[in-house]
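Enquirer: Sharing a structure here in structure tokens format.
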Amino acid sequence: MNLRAHVLFATTLALGLTALPAAAQKLHPDVPDEGEAAEIYAARAADVDPADYARLAREGDGEVWSCASCHGAKGEGNGNIPRLAGLSAGYIAKQLNAYAVGLRINHNMQYVAEKLSQDEMLGLARYYAAMESPSAAGPELGGDLERGRELAIHGDWDIDVPACYSCHGSSAWGVEQAFPSLAAQQPAYTYAQLAAWTDGRRQNSPVQLMQGISHALSDADKRAVSDYLATLPAPPAQEAPDD
Amino acid sequence: MTDPNPQPTRDPGRTTGRRAIGAAIAAAALVAVGAGLYALGIYDPIAQSPDRGTHQAGAIELAKDEARADHLASRDAYTNDPAAGPPTLPVGQDGYFVPRTVDEAPDNEFGDSVRRGYEVFTNTQTNASQHVGNGMNCANCHLGAGTVPESAPMWAAAVEYPAFRGKNKIINTMEDRIHGCFTYSMNAQNSPSGTPPPRDGDIYKDLQSYFYFMAEGAPLEGNLPGRGYPVPPEPAQGYDISRGEAVFEANCAVCHSSDGSGRQDPNGRWIFPALWGDDAYNWGAGMHRVNTAAGFIKHNMPLGRGGSLTDQEAWDVAAYINSWERPADPRQLRDGTSVAETDAQFHEHTPNFYGDVIRGDLLGDGVPGEPTEQAPSTGRPLGEQTASR
């Protein structure tokens, strides 16, 4: 066996091992399994009183900036900073935990999330889930709204992309804990997430669903669907989770 | 193959053992690098979608439009002059038949019927609500509004009826077939009217208009590729409920929920249909067979990631979802027979769990629980029984 044969053998072995699909999707030892995370956090959040965390959200606390300073007083978001109002508590808490352990990458959010206690994350998650505020979003990426609507309502089976609505609900207001509302979301944010799943900067998504879909969507499709979703009426307040 | 960079000298001092160690170290290093790359998601494009992410969608669509246009032109030429030869079959880049889509339906009475049929098919819960006794829509099992190949597409079905069917041993028209889907897949026995749509009614006419319209250009009895749910070969290890449970938890529960009951959105609409229990298809539906469900799942689930499960996983998870209680087989209620008799009459020749005792529960009597607690002969639809307890 010469050196090239060694390398060939080793490469084959390495590829073989790393390509093994992870049976259950456990991305980090400190956070629950992908498929269950949102429901687990929602159940934990049931005992937390969101009113206790309203001040933290509005005014911050020492090193922790207020959420409102970036996400807006009504949790409506702005530019590539997402709307939080009306997202499910389980989904928000899951993302805060993902930032805290470095599983989702965003300098500002990692800085904040690292300083939050578990109860603070759960309380803030419920605070924003219960918030009902009008849309502050609109198309801004020059996307083709007709194509965006088509993708949202019917998907495109030629490229194996199901309708957004087939998982995010008939008004894109989300489904229970794991599937977030997309309606009235800031288009630059939605677009940035689809791009991040495509190039691997964002990892978390149950059964790697969003990775698959993001790869299939062209850049133009990503703009189109992000812009279209921004035109939809904002979600109502989420019902309080029960444990 | 010639080697542009031949190895100039080989180190004669190297023993086989040292080479093996070298290989092992190199392998370990590459594994580490590979694992790092994998964690970065860099393999995802390879693993998931080989050559997409650009403007594939547009190109595929264009090719389909061209195939349809060619077909129509050659059809017209043939109508005008038989010497022009038969029309071409409209097929896309993937080789599958290209159906007409509902937005091409004409602006006349027939087009109206096509559009109504599409609405019934995709939103059966609302548009045929009197005859639906669970949480299902036709399009839940026939994806893309009945257009997706290997998801029992309606353009392939439309040209295959009337046909003799072993299931009821008579000639079945398309109306009979739809009647059957309401009876079993949509569990009409538990619907507000208690029955499938009345024979010869508009629901049948509109659904058939929609299917017929889609299938324009398909050869009669063409047995087109993509018809039905092609069943992957049964694996050597057979199928196993407990292996299937692990597959289910890792790949399905996030959408269909751990207890298989599905999920609704804030508008109360079913988004993830139930796989077992009250709101699912009943024991007479084709999907209760392990082989049929394995075919559907292999090609279509997890939604958007069809084809990602192995044949073994598809069979195992198909077994798992069909090992739970669901609404009774309507033929049992119709005939007043016991589960055992119904089993012998209708469930003998396919792989399924009807009439088996699993987790201490007799499957088929429509009620979860101890087999001994059950009424011995006839069952009733699940909803009624639980309501009266």
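The values are calculated or read from the model by the stated rules, or taken from the named source; none is laboratory data. Computed from a prediction, not measured in an experiment: that's the story for all the values here. Neighbour counts run over all protein chains shown; Cβ positions are idealised from the backbone, glycine included. Note: accessible area is taken over every heavy atom of the protein model, side chains too, but ligands, DNA and RNA are not part of it. Shrake-Rupley method; radii C 1.70, N 1.55, O 1.52, S 1.80 Å.
Enquirer: Considering only the range A:157-184, how many residues are within 12 Å of A:Y91 (Cβ to Cβ), open to solvent by less than 40 Å² (accessible area, probe 1.4 Å) and either more than 11 Å from chain B (Cβ to nearest Cβ) or not β-branched (V, I, T) (or both)?
Expert: Adding up the residues that qualify gives 8.
Enquirer: Of the residues that make up the range B:44-66, is at least one at the interface with another protein chain (Cβ under 7 Å from one of its Cβ atoms), open to solvent by less than 40 Å² (accessible area, probe 1.4 Å), assigned to a helix (DSSP H, G or I) and modelled with pLDDT of 55 or more?
Expert: The answer is yes, given that some residue of the range B:44-66 is at the interface with another protein chain (Cβ under 7 Å from one of its Cβ atoms), open to solvent by less than 40 Å² (accessible area, probe 1.4 Å), assigned to a helix (DSSP H, G or I) and modelled with pLDDT of 55 or more.
Enquirer: Just give me the residues in the range B:219-250 being open to solvent by less than 20 Å² (accessible area, probe 1.4 Å) and either touching a strand residue (DSSP E or B) at 6+ places or on another chain (Cβ under 8 Å) or of a type in the set (G, A, S) (or both), in sequence order.
Expert: Scanning the range B:219-250 gives B:L224, B:G226, B:G238, B:G244.
Enquirer: Just give me the residues in the range B:251-284 being open to solvent by 30 Å² or more (accessible area, probe 1.4 Å) and outside any loop (DSSP other than H, G, I, E, B), in sequence order.
Expert: B:N251, B:Q264, B:W270
Enquirer: Here's something else I'd like to know. Looking only at the range B:285-316, which residues are more than 19 Å from A:C167 (Cβ to Cβ), of a type in the set (V, I, T) and open to solvent by less than 40 Å² (accessible area, probe 1.4 Å)?
Expert: Initially, the range B:285-316 is screened for residues more than 19 Å from A:C167 (Cβ to Cβ), giving B:285-295, B:298, B:310-316.
From what is left, the residues that are of a type in the set (V, I, T) are B:290, B:292, B:310.
Across the range B:285-316, the qualifying residues are B:V290, B:T292.
Enquirer: Can you tell me how many residues in the range B:235-248 are closer than 22 Å to B:D356 by Cβ and either without any contact (Cβ under 8 Å) to a residue 12 or more places away in the chain or assigned to a helix (DSSP H, G or I) (or both)?
Expert: Residues flagged as closer than 22 Å to B:D356 by Cβ and either without any contact (Cβ under 8 Å) to a residue 12 or more places away in the chain or assigned to a helix (DSSP H, G or I) (or both) within the range B:235-248 amount to 8.
Enquirer: For the range A:185-195, name all the residues that are surrounded by fewer than 22 Cβ atoms within 10 Å (Cβ to Cβ) and touching a residue at least 40 places away in the same chain (Cβ under 8 Å).
Expert: Correct list: A:A188, A:Y189, A:A192.
Enquirer: Which count do you get for residues in the range B:67-87 that are open to solvent by 60 Å² or more (accessible area, probe 1.4 Å) and within 14 Å of chain A (Cβ to nearest Cβ)?
Expert: 0
Enquirer: Considering each residue of the range A:204-243, count those that are more than 12 Å from every other protein chain (Cβ to nearest Cβ), closer than 15 Å to A:H168 by Cα and polar (S, T, N, Q), and give that number.
Expert: Total satisfying the criteria: 1.
Enquirer: Please return the ranges of helices (runs of 4 or more DSSP H) entirely within the range A:16-132 where 3 or more residues are open to solvent by 30 Å² or more (accessible area, probe 1.4 Å).
Expert: Result: A:34-45, A:54-59, A:107-115, A:118-129.
Residue-wise test of (1) in contact with a strand residue (DSSP E or B) (Cβ under 8 Å, 6 or more places away or on another chain); (2) closer than 28 Å to B:C255 by Cα; (3) buried (at least 23 other Cβ atoms within 10 Å of the Cβ).
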position: B:N108; (1), (2), (3): no, no, no
position: B:G111; (1), (2), (3): no, no, no
position: B:R115; (1), (2), (3): no, no, no
position: B:I170; (1), (2), (3): yes, no, no
position: B:T173; (1), (2), (3): no, no, no
position: B:M186; (1), (2), (3): no, yes, yes
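Enquirer: Then there's this: In a loop (DSSP other than H, G, I, E, B) and under 14 Å from the mean Cα position of the chain (by Cα), is that true of B:V231?
Expert: Answer is yes for this residue.
Enquirer: State yes or no: is B:P162 at pLDDT 95 or above, open to solvent by 20 Å² or more (accessible area, probe 1.4 Å) and more than 18 Å from B:T124 (Cβ to Cβ)?
Expert: The answer is yes for B:P162.
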